[in-house]
1. Only one of GLY200, GLY204, GLY145 is of a type outside the set (A, V, I, L, M, F, W, C) and crowded, with 23+ Cβ neighbours inside 10 Å. Can you tell me which?
2. What number of residues within region 80-115 are hydrophobic (A, V, I, L, M, F, W, C) and in contact with a Cys (Cβ under 6 Å, 6 or more places away or on another chain)?
3. Tell me whether region 90-106 contains one or more residues that are at positive phi and surrounded by 21 or more Cβ atoms within 10 Å (Cβ to Cβ).
4. ALA195 is checked against (1) without any contact (Cβ under 8 Å) to a residue 40 or more places away in the chain; (2) part of a helix (DSSP H, G or I); (3) open to solvent by less than 30 Å² (accessible area, probe 1.4 Å) and fails just one. What number does that condition carry?
5. Being open to solvent by less than 60 Å² (accessible area, probe 1.4 Å) and over 15 Å from the mean Cα position of the chain (by Cα) is the requirement here; does ALA23 meet it?
6. Looking only at residues that are free of Cβ contacts under 8 Å to residues at least 60 places away in the same chain and polar (S, T, N, Q) in region 143-192, which one is farthest from CYS213 (Cα to Cα)?
7. Could you list, in sequence order, all residues of region 130-176 that are more than 16 Å from LEU85 (Cβ to Cβ) and of a type in the set (D, E, K, R)?
8. Looking at ILE140, ILE157, ILE152 in this structure, which one is on the phi < 0 side of the Ramachandran plot and either touching a helix residue (DSSP H, G or I) at 6+ places or on another chain (Cβ under 6 Å) or among the hydroxyl-bearing types (Ser, Thr, Tyr) (or both)?
Amino acid sequence: MSDVMELDGPRHGTKGDGPQAQARALVVFLHGLGADGNDLISLAPLLEPLLPDTAFVSPHAPYPCDMAPMGRQWFSLQDRDPEVLLAGVRDVAPSLNAFLDAELERHGLSDDRLALVGFSQGTMTALHTMLRRPKACAVIVGFSGALLAPEILGEKIVSRPPVLLVHGDADPVVPFEALAAARQALDLNGVPVAAYPRPGLQHGIDQEGLQLCAAALIEHLFPETVPSGGSAEDG
């Protein structure tokens, strides 16, 4: 079993970042390969006006990127063999779980007030970890990612939080086909899933995707603000 590594990263929102900060919800961003926590935390000021009293944190992945001279990685992608990738994400999951536990305790929140937003490798890490976490989080939002080892999900799944997946159909990094594969596996295993292709989008997050993300966060973290009879994504 892997050692638990201490994670940390930039924070945004609530009354500062001390122990007295009062938050009603927690959004955790998981960045992609070769980036670090400073990448996705830039989304927090855009989402903050829509998510009252929400704390945002974007931990740096624990390992230096082995495919670039800078940045971090959750696990290596040099060897794309499915078994190697699965071993990599399994290795980092305990460290992410420990970080999430500490952040929830810090804010006095339970798992149902937690949302994960991942990009690329961060999506892979979020899906693997959160579907095996003892208590379900409020929602997982995944951009341009994939579900690793979908064929074994039925044997390993513990929690079934709602999932929103967004993927550009011109993605040259993570194949667009990963969107349908993840949706099918999640659906087969009873996970509520919505999947949105983005025409012409390469490996990134566009305005439409960010709007879908915001709607999902509002719907599952603050459902009382969603008009009766519709979901936030209908917007």
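The values are calculated or read from the model by the stated rules, or taken from the named source; none is laboratory data. All values derive from a computational prediction rather than experimental measurement. A quick note on method: Cβ atoms are made from the backbone with ideal geometry, for glycine too, and the neighbour counts reach across all protein chains shown. The protein model used for the area step is the full one, side chains on, heavy atoms only, and it has no ligands, DNA or RNA in it. Shrake-Rupley method; radii C 1.70, N 1.55, O 1.52, S 1.80 Å.
1. Result of the check over GLY200, GLY204, GLY145: GLY145.
2. 1
3. There is no residue in region 90-106 that is at positive phi and surrounded by 21 or more Cβ atoms within 10 Å (Cβ to Cβ).
4. If we test ALA195 against (1) without any contact (Cβ under 8 Å) to a residue 40 or more places away in the chain; (2) part of a helix (DSSP H, G or I); (3) open to solvent by less than 30 Å² (accessible area, probe 1.4 Å), just (2) comes out false.
5. Taking the combined requirement at face value, the residue satisfies it.
6. So the residue we want is ASN189.
7. Matches in region 130-176: ARG133, LYS135, GLU155, ARG160, ASP169, ASP171.
8. ILE140
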